[in-house]
Amino acid sequence: MGSLEEERTTVGWAARDPSGILSPYTYNLRNNGPDDVYIKVHYCGICHSDLHQIKNDLGMSNYPMVPGHEVVGEVLEVGSNVGRFRVGEIVGVGLLVGCCKNCRPCQTDIEQYCSKKIWSYNDVYIDGKPTQGGFAETMVVEQKFVVKIPEGLAAEQAAPLLCAGVTVYSPLAHFGLKERGLRGGILGLGGVGHMGVKIAKAFGHHVTVISSSDKKKQEALEHVGADQYLVSSDESAMQEAADSLDYIIDTVPVGHPLEPYLSLLKLDGKLILMGVINTPLQFVSPMVMLGRKSITGSFIGSVKETEEMLEFWKEKGLSSMIEVVKMDYVNKALERLENNDVRYRFVVDVKGSKFEQ
């Protein structure tokens with residue numbers, strides 16, 4: 001056990017402005033308390049939302065900003081009240097590092113919907129200091145927001161699960177879409193989409209990948225494990241597939257029409273939005289009314305769901321399709337991610353990277 005009263009310094013890679021270019025940045029970690037876990041970061045996934053944040057796409061960015069919210073690392077020290085974690089254990093941290101603990105979502109273990117949640121970066125902690133993410137050597141995180149990585153699950157494999165993985169798992173669990181035999185669609189085969197295929201298949205679903213071209217058809221069917229591939233610009237194929245899906249996981253992070261995909265849903269089917277889009281989406285109401293269809297959304301997952309999903313992933317023997325890079329490649333990786341040039345998730349080898357100031 002260690003007492004964590006004194007401030008520490010660490011080095012991360014930060015964006016200084018909306019150019020989104022990252023470079024080394026030394027900063028103080030927030031004041032520590034008895035409920036905190038001091039973590040040496042080993043790996044951190046790169047999410048599309050990191051791009052939105054570092055480039056101020058949502059108009060809420062504060063700089064300097066150290067991104068990264070798919071963090072896996074080793075416990076270096078724990079506060080006096082920490083009983084769940086021990087020094088040397090491999091743990092994970094996702095998108096949140098704080099919540100009010102009193103509202104209905106917090107009281108029912110869905111703290112990701114707390115109106116006072118605190119993001120792991122680009123936010124302000126309760127002590128008034130800015131939060132910084134996992135593109136850094138070390139972090140201090142309250143134990144409530146730390147999860148154990150199951151033994152036998154490789155750290156680099158676990159990193160993308162802490163956002164992309166649980167983002168898919170949570171709505172399937174919440175909306176009762178875990179039963180075998182369902183027919184699901186995954187719209188967009190990127191970091192979240194490829195996780196969607198793997199998790200849905202592990203639930204025993206028939207999975208159709210939906211994309212705007214046939215460019216990823218071979219990958220989707222032969223490498224990721226989808227059952228069917230549907231090109232949304234192929235009108236005849238879309239008509240044949242009408243009323244065939246119980247749900248669609250929509251991972252597309254840019255504006256797009258919803259009506260073509262609503263037509264694919266069966267009676268009571270659900271279109272579940274997951275992409276962060278800063279422009280309005282449109283549809284005509286009869287598309288929803290005449291099939292009692294739902295357009296809904298889901299936001300990451302709770303700590304509890306994350307732990308469930310990690311155990312499920314290990315139990316089923318699943319693996320992420322990742323490209324591991326060093327921190328000095330991170331700007332190129334972000335550029336490639338923006339151009340959809342990754343199969344399917346970048347993971348930064350933080351532990352093996354040099355953090356030169």
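The values are calculated or read from the model by the stated rules, or taken from the named source; none is laboratory data. As the structure is a computational prediction, the values presented were derived from the model and not from experiment. Please note: Cβ atoms are built from the backbone with ideal geometry, for glycine as well, and neighbour counts cover all protein chains shown. The protein model used for the area step is the full one, side chains on, heavy atoms only, and it has no ligands, DNA or RNA in it. Shrake-Rupley method; radii C 1.70, N 1.55, O 1.52, S 1.80 Å.
Overview of results
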read-out: Dipole in debye (nearest 20) - segment 77-126, about Cα centre, beta carbon charges: Lys, Arg +1; Asp, Glu -1; value: 180
read-out: Set of aspartates and glutamates near Lys270 by C-alpha distance (under 17 Å), chain-local residues within fewer than 8 positions excluded; value: Glu179, Asp243, Asp246, Asp250, Glu259
read-out: The chain: relative contact order in percent, alpha carbon pairs under 8 Å with at least 6 residues between; value: 18
read-out: Segment 166-297 - percent of accessible surface contributed by carbon and sulfur, probe 1.4 Å; value: 50
read-out: Unmatched cysteines, the chain - criterion: no other Cβ of a Cys under 4.7 angstrom; value: Cys44, Cys47, Cys100, Cys103, Cys106, Cys163
read-out: Rh (Kirkwood; distinct C-alpha pairs) - segment 21-141, Å; value: 15.1
read-out: Computed magnitude of the charge dipole of segment 166-297 (debye, nearest 20; Cβ of K, R +1, Cβ of D, E -1); value: 400
read-out: Options Pro286, Leu58, Ala333, ranked by Cα towards positive dipole end of the chain, top entry (Cβ charges); value: Pro286
read-out: Burial order of peptide ranges 277-289, 8-20 (average beta-carbon count within 10 Å, highest first); value: 8-20, 277-289
read-out: For segment 96-117 versus segment 250-299, the gap between their alpha-carbon centres in whole angstrom; value: 27
read-out: Arg180-Asn278 FRET efficiency (beta carbon distance; Förster radius 51 Å; 0.05 resolution); value: 0.85
read-out: Segment 180-271, Cα convex hull volume normalised per residue, Å³; value: 87
read-out: Computed label-point distance, nm, for sites Lys326 and Arg16 using a 7 Å Cα→Cβ extension; value: 2.3
read-out: Charge sum, other residues only, whose C-beta stays under 12 Å from Ala200's C-beta, Lys/Arg counted +1 and Asp/Glu -1; value: +3
read-out: Where labels lie 7 Å past Cα in the beta-carbon direction, separation of Arg104 and Asp35 in nm; value: 2.3
read-out: Cβ-based charge dipole, the chain, positive-most Cα from Pro34, Leu262, Ile199; value: Leu262
read-out: Which listed pairs, of Lys178/Lys304; Lys117/Lys326; Lys101/Lys148, have C-alpha distances above 19 Å, in listed order; value: Lys117/Lys326; Lys101/Lys148
read-out: Rounded to the nearest 20 debye, dipole of the chain from Cβ charges on Lys, Arg, Asp, Glu; value: 360
read-out: Average accessible surface area per residue within segment 185-278, 1.4 Å rolling probe, Å²; value: 39
